[in-house]
Amino acid sequence: MFGDLSGMMAKLKEAQQKIEDTKARLNTILIDGEANNGNIKVTVTANRHVKNISISEELTDKEEIEDYLIIALNSALEKANEISETELAAAAKNGMPNIPGMDLFK
């Protein structure tokens, strides 16, 4: 019915390894977000870990800093999420065995 079951299992294990390798690589991809003309900058990885936050000394209002920090973080995290989803989907699709009737990734 499914043909070479051991071959499919090996292919699934290979797909899992590709996904893990991709996750590790995503930790090395840095994405920047900024707000208020660059007065607040954040850097996150494609796995959505914050690596750096930079706040200009020109900004002194606490509420303003908080608001701009949220904008910068959301911008960077949105970009990171897009990259992560694209990369992980590609890794999963390329590693999946061809199982008849199971078109998981179109």
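The numbers here are math on the coordinates, done by the rules we state, and not lab data. Keep in mind it's a predicted model, so treat the numbers as computed, not measured.
Taking 0.36 nm per residue of separation and subtracting the Cα-Cα distance, full extension of the segment from Met9 to Thr60 would add 12.5 nm.
Quick one: in the range 5-95, what % of C-alpha pairs are over 15 Å apart?
63 percent
When you restrict to C-alpha pairs under 8 Å that are six or more residues apart and normalise by the size of the range 5-95, the relative contact order lands at 34 percent. Given their separation in residues at 0.36 nm each and the Cα-Cα distance between them, Ala90 and Gln16 gain 25.4 nm when the chain is fully extended.
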